[in-house]
Amino acid sequence: MNLNFVLNIISLVLVAVAALIGLFYLVHFLRYRSGKLAHARVMGALKRFGLIRNYKILENLHLRYGEREAQIDCMLVGFFGILLVNAVNDTAEYYGDVGDRQWVKVMKDKRSRMDNLCAKNIRDIELLREIFSKNGVYGIQMEGLVVFCGNVKKTIFGITGGQGLMNLKKFKAYLGKSKFEKDNDVDVPALTELILKYQVQ
(Lines give C-alpha, C1' and ligand atoms only; values in the text may rest on other atoms or scores of the structure.)
Protein backbone atom coordinates (compact mmCIF):
# COMPACT_ATOMS: atom_id res chain seq x y z
CA MET A 1 0.00 0.00 0.00
CA ASN A 2 1.28 3.43 -0.95
CA LEU A 3 2.84 5.22 2.05
CA ASN A 4 1.39 8.58 1.03
CA PHE A 5 -2.06 7.06 0.86
CA VAL A 6 -1.72 5.70 4.41
CA LEU A 7 -0.46 9.05 5.68
CA ASN A 8 -3.39 10.82 4.03
CA ILE A 9 -5.87 8.46 5.70
CA ILE A 10 -4.23 9.00 9.08
CA SER A 11 -4.32 12.77 8.55
CA LEU A 12 -8.03 12.67 7.67
CA VAL A 13 -8.79 10.59 10.76
CA LEU A 14 -6.87 13.00 12.99
CA VAL A 15 -8.66 15.99 11.45
CA ALA A 16 -12.04 14.30 11.97
CA VAL A 17 -11.22 13.50 15.63
CA ALA A 18 -10.02 17.08 16.22
CA ALA A 19 -13.22 18.42 14.64
CA LEU A 20 -15.39 16.22 16.88
CA ILE A 21 -13.48 17.31 19.98
CA GLY A 22 -13.81 20.94 18.93
CA LEU A 23 -17.54 20.51 18.33
CA PHE A 24 -17.96 18.94 21.76
CA TYR A 25 -16.28 21.87 23.49
CA LEU A 26 -18.18 24.39 21.37
CA VAL A 27 -21.53 22.84 22.33
CA HIS A 28 -20.40 22.72 25.96
CA PHE A 29 -19.38 26.40 25.82
CA LEU A 30 -22.62 27.51 24.15
CA ARG A 31 -24.71 25.64 26.72
CA TYR A 32 -22.72 27.31 29.48
CA ARG A 33 -23.15 30.78 27.96
CA SER A 34 -26.89 30.23 27.55
CA GLY A 35 -27.27 29.12 31.18
CA LYS A 36 -28.46 25.66 30.14
CA LEU A 37 -25.42 23.70 31.31
CA ALA A 38 -26.29 23.93 35.01
CA HIS A 39 -29.89 22.95 34.25
CA ALA A 40 -28.73 19.95 32.23
CA ARG A 41 -26.38 18.79 34.99
CA VAL A 42 -29.06 19.00 37.67
CA MET A 43 -31.59 17.28 35.44
CA GLY A 44 -29.07 14.53 34.72
CA ALA A 45 -28.58 13.91 38.44
CA LEU A 46 -32.34 13.90 39.07
CA LYS A 47 -32.98 11.47 36.22
CA ARG A 48 -30.26 9.06 37.33
CA PHE A 49 -31.73 9.08 40.83
CA GLY A 50 -35.43 9.25 40.06
CA LEU A 51 -36.19 7.17 37.01
CA ILE A 52 -35.16 3.83 38.53
CA ARG A 53 -37.49 4.60 41.45
CA ASN A 54 -40.46 5.45 39.23
CA TYR A 55 -40.31 9.09 40.31
CA LYS A 56 -41.32 11.87 37.94
CA ILE A 57 -38.83 14.51 36.84
CA LEU A 58 -40.24 17.79 35.53
CA GLU A 59 -38.43 20.81 34.12
CA ASN A 60 -39.06 24.38 33.02
CA LEU A 61 -42.47 24.54 34.66
CA HIS A 62 -44.53 27.70 34.34
CA LEU A 63 -47.44 27.35 36.75
CA ARG A 64 -50.32 29.75 37.25
CA TYR A 65 -52.91 29.76 39.99
CA GLY A 66 -55.20 32.78 40.14
CA GLU A 67 -53.02 35.85 39.71
CA ARG A 68 -49.87 34.14 40.98
CA GLU A 69 -47.27 32.40 38.85
CA ALA A 70 -44.21 30.26 39.44
CA GLN A 71 -41.27 29.47 37.17
CA ILE A 72 -39.72 26.22 38.41
CA ASP A 73 -36.39 25.09 37.00
CA CYS A 74 -36.33 21.41 38.04
CA MET A 75 -38.73 19.28 40.07
CA LEU A 76 -38.60 15.74 41.43
CA VAL A 77 -41.95 14.16 42.42
CA GLY A 78 -41.56 10.98 44.44
CA PHE A 79 -43.13 8.85 47.13
CA PHE A 80 -41.36 11.11 49.66
CA GLY A 81 -42.97 14.29 48.31
CA ILE A 82 -41.53 17.05 46.10
CA LEU A 83 -38.06 18.50 45.63
CA LEU A 84 -37.63 21.82 43.80
CA VAL A 85 -34.19 22.77 42.47
CA ASN A 86 -32.91 26.06 41.11
CA ALA A 87 -29.70 25.50 39.12
CA VAL A 88 -27.14 28.35 39.08
CA ASN A 89 -24.84 28.32 36.07
CA ASP A 90 -21.96 30.78 36.46
CA THR A 91 -18.61 30.32 38.16
CA ALA A 92 -18.67 33.41 40.39
CA GLU A 93 -18.85 34.71 43.94
CA TYR A 94 -22.31 35.01 45.47
CA TYR A 95 -23.06 37.08 48.55
CA GLY A 96 -26.14 37.97 50.57
CA ASP A 97 -28.57 36.65 53.12
CA VAL A 98 -31.64 34.48 52.74
CA GLY A 99 -33.67 37.43 54.00
CA ASP A 100 -32.40 39.80 51.28
CA ARG A 101 -34.59 40.59 48.29
CA GLN A 102 -31.59 40.12 45.99
CA TRP A 103 -28.11 38.61 46.14
CA VAL A 104 -24.86 40.04 44.78
CA LYS A 105 -22.94 38.15 42.10
CA VAL A 106 -19.29 39.02 41.43
CA MET A 107 -17.98 37.59 38.18
CA LYS A 108 -14.66 38.68 36.65
CA ASP A 109 -14.63 41.75 38.92
CA LYS A 110 -18.10 42.76 37.72
CA ARG A 111 -20.85 43.07 40.32
CA SER A 112 -24.47 42.41 39.47
CA ARG A 113 -27.64 41.51 41.32
CA MET A 114 -29.75 38.40 41.07
CA ASP A 115 -32.98 37.19 42.62
CA ASN A 116 -32.87 35.55 46.04
CA LEU A 117 -33.44 31.94 44.97
CA CYS A 118 -34.16 30.71 48.50
CA ALA A 119 -37.04 33.18 48.71
CA LYS A 120 -38.15 32.09 45.25
CA ASN A 121 -38.28 28.46 46.38
CA ILE A 122 -40.44 29.45 49.34
CA ARG A 123 -42.86 31.35 47.08
CA ASP A 124 -43.03 28.44 44.64
CA ILE A 125 -43.75 25.98 47.45
CA GLU A 126 -46.49 28.27 48.79
CA LEU A 127 -48.11 28.36 45.35
CA LEU A 128 -47.98 24.56 45.12
CA ARG A 129 -49.59 24.27 48.55
CA GLU A 130 -52.41 26.56 47.41
CA ILE A 131 -52.95 24.39 44.34
CA PHE A 132 -52.96 21.22 46.43
CA SER A 133 -55.30 22.70 49.04
CA LYS A 134 -57.71 23.79 46.30
CA ASN A 135 -57.81 20.17 45.13
CA GLY A 136 -58.07 18.57 48.58
CA VAL A 137 -54.46 17.36 48.68
CA TYR A 138 -52.67 17.85 52.00
CA GLY A 139 -49.55 16.80 53.84
CA ILE A 140 -47.16 16.77 50.87
CA GLN A 141 -43.56 17.18 52.04
CA MET A 142 -41.76 19.79 49.93
CA GLU A 143 -38.23 21.15 49.90
CA GLY A 144 -36.36 23.68 47.78
CA LEU A 145 -32.65 23.68 46.94
CA VAL A 146 -30.26 26.04 45.17
CA VAL A 147 -27.46 24.20 43.38
CA PHE A 148 -24.37 26.08 42.18
CA CYS A 149 -22.93 24.27 39.16
CA GLY A 150 -19.88 26.40 38.38
CA ASN A 151 -16.27 25.37 38.97
CA VAL A 152 -16.18 23.95 42.50
CA LYS A 153 -12.83 25.54 43.41
CA LYS A 154 -13.69 28.97 42.00
CA THR A 155 -17.36 29.30 42.94
CA ILE A 156 -17.96 30.96 46.32
CA PHE A 157 -21.44 31.21 47.76
CA GLY A 158 -21.32 33.40 50.83
CA ILE A 159 -25.07 33.33 51.40
CA THR A 160 -25.87 33.43 55.11
CA GLY A 161 -28.86 32.53 57.23
CA GLY A 162 -30.24 29.50 55.47
CA GLN A 163 -29.92 25.93 54.31
CA GLY A 164 -30.43 24.24 50.96
CA LEU A 165 -27.43 25.86 49.23
CA MET A 166 -24.85 23.49 47.75
CA ASN A 167 -22.60 22.69 44.80
CA LEU A 168 -23.38 19.97 42.27
CA LYS A 169 -21.19 17.32 43.93
CA LYS A 170 -22.90 17.81 47.29
CA PHE A 171 -26.29 17.81 45.59
CA LYS A 172 -25.65 14.38 44.08
CA ALA A 173 -24.63 13.09 47.52
CA TYR A 174 -27.64 14.82 49.10
CA LEU A 175 -30.00 12.80 46.90
CA GLY A 176 -28.67 9.72 48.66
CA LYS A 177 -30.27 10.71 51.96
CA SER A 178 -32.82 8.25 53.31
CA LYS A 179 -35.60 10.86 53.35
CA PHE A 180 -35.80 10.64 49.55
CA GLU A 181 -36.45 6.90 49.83
CA LYS A 182 -39.21 7.31 52.42
CA ASP A 183 -42.71 6.34 51.37
CA ASN A 184 -45.08 9.09 52.50
CA ASP A 185 -47.96 7.57 50.56
CA VAL A 186 -47.71 10.04 47.68
CA ASP A 187 -49.55 9.07 44.50
CA VAL A 188 -46.79 10.16 42.13
CA PRO A 189 -48.70 9.95 38.79
CA ALA A 190 -51.80 11.68 40.20
CA LEU A 191 -49.80 14.46 41.87
CA THR A 192 -47.78 15.02 38.70
CA GLU A 193 -50.96 15.23 36.65
CA LEU A 194 -52.41 17.77 39.09
CA ILE A 195 -49.30 19.95 38.87
CA LEU A 196 -49.28 19.87 35.07
CA LYS A 197 -52.95 20.87 35.07
CA TYR A 198 -51.77 24.34 36.13
CA GLN A 199 -48.99 24.54 33.55
CA VAL A 200 -49.26 27.62 31.35
CA GLN A 201 -49.53 26.50 27.74
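Here are the numbers for this structure:
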read-out	value
Residue that is farthest from ASP187 (Cα to Cα), among those in segment 40-54 that are in contact with a strand residue (DSSP E or B) (Cβ under 8 Å, 6 or more places away or on another chain) and crowded, with 18+ Cβ neighbours inside 10 Å	ARG41
Qualifying strands (runs of 3 or more DSSP E) (wholly inside segment 116-201; at least 2 residues being open to solvent by 40 Å² or more (accessible area, probe 1.4 Å) and of a type outside the set (S, T, N, Q))	156-160
Given (1) open to solvent by 50 Å² or more (accessible area, probe 1.4 Å); (2) modelled with pLDDT of 90 or more, number of the condition LEU14 does not satisfy	(2)
Candidates SER178, SER133, filtered to the one that is under 22 Å from LEU51 (Cα atoms) and polar (S, T, N, Q)	SER178
Residue identified as within 14 Å of the chain's Cα centre (by Cα) and part of a strand (DSSP E or B) among LEU46, LEU61	LEU61
Residue check for LEU117: in contact with a Leu (Cβ under 7 Å, 6 or more places away or on another chain) and of a type in the set (A, V, I, L, M, F, W, C)	no
Residues of segment 57-98 classified as touching a residue at least 60 places away in the same chain (Cβ under 8 Å) and charged (D, E, K, R), total	6
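Residues checked against (1) surrounded by 14 or more Cβ atoms within 10 Å (Cβ to Cβ); (2) in contact with a strand residue (DSSP E or B) (Cβ under 6 Å, 6 or more places away or on another chain); (3) modelled with pLDDT of 95 or more; (4) within 24 Å of LYS172 (Cβ to Cβ):
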{"residue": "LYS56", "(1), (2), (3), (4)": "yes, yes, yes, yes"}
{"residue": "ASN60", "(1), (2), (3), (4)": "no, no, yes, yes"}
{"residue": "LEU63", "(1), (2), (3), (4)": "yes, yes, yes, no"}
{"residue": "ALA70", "(1), (2), (3), (4)": "yes, yes, yes, no"}
{"residue": "LEU76", "(1), (2), (3), (4)": "yes, yes, yes, yes"}
{"residue": "TYR94", "(1), (2), (3), (4)": "yes, yes, no, yes"}
{"residue": "ASP109", "(1), (2), (3), (4)": "no, no, no, no"}
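The values are calculated or read from the model by the stated rules, or taken from the named source; none is laboratory data. Just so you know, these numbers come straight off a predicted model, no measurement behind them. Quick reminder, even Gly has a Cβ in these numbers, built from the backbone with ideal geometry, and neighbours come from all protein chains shown. Side chains included, ligands, DNA and RNA excluded: accessible areas come from the protein's heavy atoms. Shrake-Rupley method; radii C 1.70, N 1.55, O 1.52, S 1.80 Å.
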